1. Give me the pairs, please: first residue somewhere in region 103-117 and within 14 Å of V42 (Cβ to Cβ), second residue anywhere and polar (S, T, N, Q), beta-carbon distance under 9 Å, and either six or more positions apart or on two chains.
2. Check whether at least one residue in region 115-126 is in contact with a strand residue (DSSP E or B) (Cβ under 8 Å, 6 or more places away or on another chain), under 17 Å from D53 (Cβ atoms) and either exposed (fewer than 10 other Cβ atoms within 10 Å of the Cβ) or of a type in the set (A, V, I, L, M) (or both), and report yes or no.
3. Would you please list the contacts, defined by Cβ atoms under 8 Å and residues six or more apart or on different chains, that run from a residue in region 30-49 that is surrounded by 16 or more Cβ atoms within 10 Å (Cβ to Cβ) to a residue that is among the hydroxyl-bearing types (S, T, Y)?
Amino acid sequence: MRQRPRSTVSALDAHLGFWLRVVSNHVSARFAELVESEGASVTEWVALRTLYDKPQTTHAELIQALGMTKGAASKVVTRLEEKGLARRELAAGSAREQVLQISAKGRALVPRLAALADQNEAHFFGHLDPRERQALMQAFAALAAHHRLTEIPVA
């Protein structure tokens, strides 16, 4: 009987994607827990951070920042309104178009959430020397640019 040659099957941990997923899952999960301790979700954090930079943001701008459908983004805005973190108002001179604004409560929350993002970053990457961190960031930015990955991760 003739034996078939054994194919070489690479190990899971022989792939860069495996290690990227391991690290990404833990970084994301820990950050989600930190943000939730402040009463927000990661998606709400991204929306608030977007509104923080631009005092009057249109629905279209927020939809683009979140990479979500109009309906999903509207649900996020509704949650922010219910929490008193943002509000919708009619755009100046328009009877229909709405703009989104961060509230004073939302504006006060953003620096706390940003500090949590910084803490999470330090927790996972603080042991790397600044050159290593910069090289890692540049490598991922180059990968994102090469593959035209522009959506901001919100989940």
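1. Filtered contacts from region 103-117: L116/S37.
2. Among the residues of region 115-126, not one is in contact with a strand residue (DSSP E or B) (Cβ under 8 Å, 6 or more places away or on another chain), under 17 Å from D53 (Cβ atoms) and either exposed (fewer than 10 other Cβ atoms within 10 Å of the Cβ) or of a type in the set (A, V, I, L, M) (or both), which makes the answer no.
3. Partner pairs satisfying both residue conditions: A32/S41; V35/S41; V42/S28.
Any read-out appearing in this document is the output of simple, stated calculations on the displayed coordinates, not a laboratory observation. What you see is a predicted model, and the numbers here were worked out from it, not measured in a lab. All Cβ positions, glycine included, derive from the backbone under ideal geometry; neighbour counts span all protein chains shown.
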